[in-house]
Amino acid sequence: MDFELPPPTQEYRRQIKRIIAETVTPADIDLQHETGTFNCPPLNRALAEHGLIERAVPGLGVGDPIELWVLFNELEKAAAPMDGLGVAVMIAGVVNHVGTESQKEQILPSILAGEALVCMGLSEPDHGSDLASVTTRAVRDGDGWVINGAKMWTTMAHEARWLVLLTRTDLDAPKHRGLTMFILPMDTPGITVEPVFTMGAERTNATFYDDVRVGDEWVLGEVDGGWQVLGVALAFERGVMGGTNPAVPLLRRLGAWARQAGVIDDPIARERMARVAIDNEVAALLTQRTASIAAKGGLPGLEGSMTKVFASEAYLKAAHWFQELAGPDGLLQLHEPGAAADGWIEADARHAPVTTIQGGTSEINRNNIAERHLGLPRSAGRQ
Ligand SMILES: Cc1cc2nc3c(=O)[nH]c(=O)nc-3n(C[C@H](O)[C@H](O)[C@H](O)COP(=O)(O)OP(=O)(O)OC[C@H]3O[C@@H](n4cnc5c(N)ncnc54)[C@H](O)[C@@H]3O)c2cc1C
């Protein structure tokens, strides 16, 4: 099999690398760890100015289908702040897939210009894995809707222009069928945002909805068809939008430290570094397959689950191994004197567990693989 990318895609990769090198400074990377906001507005704008965001949006890209993967693969390898852009690109793909012409006109240009971020109000305090049970209510009121409820883990809500919100619209329907997705401006009256800081340094948010009034024009997809819209979003999210090669910068930083600390000849260190390098390659190939399906208009729900489980757990294993190798110096934090790899080992060791939870936990993804790929029975407790 020929893994060489076609010339236009190689050129796309070169352009992205150049823009990252010109735009993202070490200070930008530090800033995301200080603020917990994993986003870099100058980078988003620079990519947009060259048309590189549009090329990556599922269903909208003008280049080779694999460009979606190339963009996030390069950002991730460079450790560039990218979570904000990742969700925005994913939701641009969803809007392009199921949105009305008016939604496409209002929302897509702001995302493709690298200006607007999007947050996702899916999870609730009591319903994360079991999203079909969400209780945030949208009730018909004349021509529009009134929304009341609370969401948890609404990452980027404090920066986003747009909000994608999963609501319950029919209490009598089976739980997967009475849901409706909205996409609405974050400055709609009645929405409040409270910060939540995680052990992995990311800032996320709790969001509250008090008599939020919106018109029908903000329904995304069909009324009571929110579950289908969610399927589109998750298919793009899992294993496509980055989050699948974070051990690449970790290995680079570990390698530099191992050379400087004289650990590079240690057989255990060498074996672990080699194994992490192999896992990184496997994760890249799995992501490439998932992205290719998504960008060709498919919905790689199963392949995304496979990619996410493999990549996030390989990252967790790498961070754990490297922290063991570094000993006490691997416990020191970013830029602390004496910290192994300038503190990145410690930062990754805290960040890695979070990646096995956000975007769907490993257990839920394993269930998905077991049921849809291996044909095993549905797990206990699921309806
Ligand atoms: C940093 C971060 C950012 C996030 N960003 C967003 C965001 O922007 N928008 C958003 O909507 N959500 C977001 N999330 C939420 C994330 O998707 C959920 O945390 C995740 O889906 C798990 O839901 P939960 O936290 O409610 O845990 P629970 O669903 O309560 O799960 C608790 C434990 O039980 C296990 N479990 C649950 N059900 C089953 C089952 N059927 N079989 C086997 N095991 C099971 C889980 O795997 C987990 O180990 C974010 C989370 C984090 C940590």
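The values are calculated or read from the model by the stated rules, or taken from the named source; none is laboratory data. Every value quoted in this text rests on a predicted model; they were computed, and no experiment measured them. FYI the Cβ positions are ideal-geometry reconstructions off the backbone, even for glycines, and counts take in every protein chain you see. Note: accessible area is taken over every heavy atom of the protein model, side chains too, but ligands, DNA and RNA are not part of it. Shrake-Rupley method; radii C 1.70, N 1.55, O 1.52, S 1.80 Å.
Compute the long axis of helix 247-261 from its Cα atoms, compare it with the longest principal axis of the Cα atoms of the chain, and write down the angle in degrees, 0 to 90, nearest 10. Result, in degrees: 20. Overall, the ratio between the Cα radius of gyration of region 238-372 and 2.2 N^0.38 Å, rounded to two decimals, is 1.13. Principal-axis analysis of the Cα atoms of the chain puts helix 267-295 at an angle of about 30° to the longest axis. Report, in deg cm²/dmol and to the nearest 500, the calculated mean residue ellipticity at 222 nm for the chain, where each DSSP H run with n ≥ 4 adds -39500 (n - 2.57) and the sum is divided by the residue count. Computed mean residue ellipticity for the chain: -15500 deg cm²/dmol.
Per residue, region 72-138 exposes 30 Å² of solvent-accessible protein surface, assessed with a 1.4 angstrom probe and all protein chains in place.
Modelled this way, with points 7 Å down the Cα-to-C-beta line, the labels at residue 31 and residue 366 are 4.0 nm from one another. Placing +1 on the Cβ of every Lys and Arg and -1 on the Cβ of every Asp and Glu, with nothing else charged, gives region 119-225 a dipole about its Cα centre of roughly 180 debye. In plain terms, the chain from residue 278 to residue 101 could stretch by 59.3 nm, reckoned as 0.36 nm per residue minus the Cα-Cα distance.
Dimensions of the chain along the principal axes, based on C-alpha atoms and rounded to the nearest Å, stand at 71, 46, 43, largest first. Using the alpha-carbon atoms, what tilt in degrees (0 to 90, nearest 10) does helix 101-112 show relative to the longest principal axis of the chain? The answer is roughly 20 degrees. In region 7-117, the ratio of gyration radius to Kirkwood radius, Rg to Rh, stands at 0.97 when only Cα atoms are counted. Inverting the pair-averaged 1/r between distinct Cα atoms of region 120-279 gives 18.1 Å as its Kirkwood hydrodynamic radius. Between 67, 124, 22, where does the largest GNM mean-square fluctuation fall for the chain, given springs only between Cα atoms within less than 10 Å? Between 67, 124, 22, it is 22 that shows the largest mean-square fluctuation. For region 1-90, the dipole from Cβ point charges (+1 on Lys and Arg, -1 on Asp and Glu) about the Cα centre works out to 120 debye, to the nearest 20.
For the chain, the fraction of 1.4 Å probe accessible surface lying on carbon and sulfur atoms is 54 percent. Note on region 238-372: with charges restricted to the Cβ of Lys and Arg (+1) and Asp and Glu (-1), its dipole about the Cα centre is near 540 debye.
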